[in-house]
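*Asks:* The structure's right below; bear with me while I get my questions together.
The values are calculated or read from the model by the stated rules, or taken from the named source; none is laboratory data. Predicted, not measured: the structure shown is a model, and the values here were computed from it. Here the Cβ positions follow ideal geometry from the backbone for every residue, glycine too, while neighbour counts run over all protein chains shown.
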Amino acid sequence: MFNKVILAGNLARDIEVRYSGQTAIGNTAIATNRKYKTSTGELKEEVMFIDITFWGRTAEVAHQYLKKGSQVLIEGRLVLDSWTDKEGQKRSKHSISVETLQMLGGREANANSYNQPAQQQPAQQQAPQQQSHQVPEIDINDDEIPF
């Protein structure tokens with residue numbers, strides 16, 4: 001079987017990073033669009049918002065350099081997330097587990113996100129078993145960044 005998804009779009013919100021043990025997990029969504037003409041010749045646009053998850057070092061790099069609106073190309077696999085909500089109902093949704101990330105739009109498009117301090121989630125949003133971690137700053141020379 002083959003499970004591969006490739007999407008290009010803009011981040012729909014800032015990346016929220018949390019840690020499970022020593023592994024960083026970054027959650028956000030990507031917005032993609034499709035323009036088409038209807039049978040009457042009317043130009044329409046369809047926008048899709050897809051939840052995505054970054055893992056490990058990719059989550060930390062994405063959190064440091066990307067923000068809402070950043071253009072990205074991602075490759076990953078489709079996963080089915082299942083849980084039970086507060087009312088006891090079984091819920092599920094599809095999302096993308098990102099395996100590779102390519103930042104698009106050039107240095108200028110992402111300039112405002114460089115070297116910003118990590119933002120912590122409010123304490124009430126963190127699960128009780130999770131520890132609060134600071135996302136480490138990455139020591140990379142700007143000349144090493146490929147865009």
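*Asks:* Report, by residue number, each residue of segment 68-101 that is under 18 Å from THR32 (Cα atoms) and not in a strand (DSSP E or B).
*Replies:* Within segment 68-101, LYS68, GLY69, SER70 qualify.
*Asks:* In segment 3-28, which residues are of a type outside the set (S, T, N, Q) and farther than 13 Å from ALA62 by Cβ?
*Replies:* The answer is LYS4, VAL5, ILE6, LEU7, ALA8, GLY9, ALA12, ARG18, TYR19, GLY21.
*Asks:* Between residues in segment 81-93 that are closer than 15 Å to THR53 by Cα and residues that are of a type in the set (S, T, N, Q) and surrounded by 10 or more Cβ atoms within 10 Å (Cβ to Cβ), which pairs lie under 8 Å by C-beta distance while being six or more apart or on different chains?
*Replies:* From residues that are closer than 15 Å to THR53 by Cα, the pairs are ASP81/SER95.
*Asks:* What are the residue pairs meeting all of these: first residue in segment 94-112, first residue modelled with pLDDT under 60, second residue surrounded by 12 or more Cβ atoms within 10 Å (Cβ to Cβ) and in a helix (DSSP H, G or I), Cβ atoms under 9 Å, and 6 or more apart or on different chains?
*Replies:* From segment 94-112, the pairs are ASN110/TYR65.
*Asks:* Of the residues that make up segment 42-55, is at least one farther than 17 Å from ARG77 by Cα and either crowded, with 17+ Cβ neighbours inside 10 Å or of a type in the set (Ser, Thr, Tyr) (or both)?
*Replies:* no
*Asks:* For segment 30-67, give me the residue count where each residue is farther than 13 Å from ALA8 by Cα, basic (Lys, Arg) and in a strand (DSSP E or B).
*Replies:* 3
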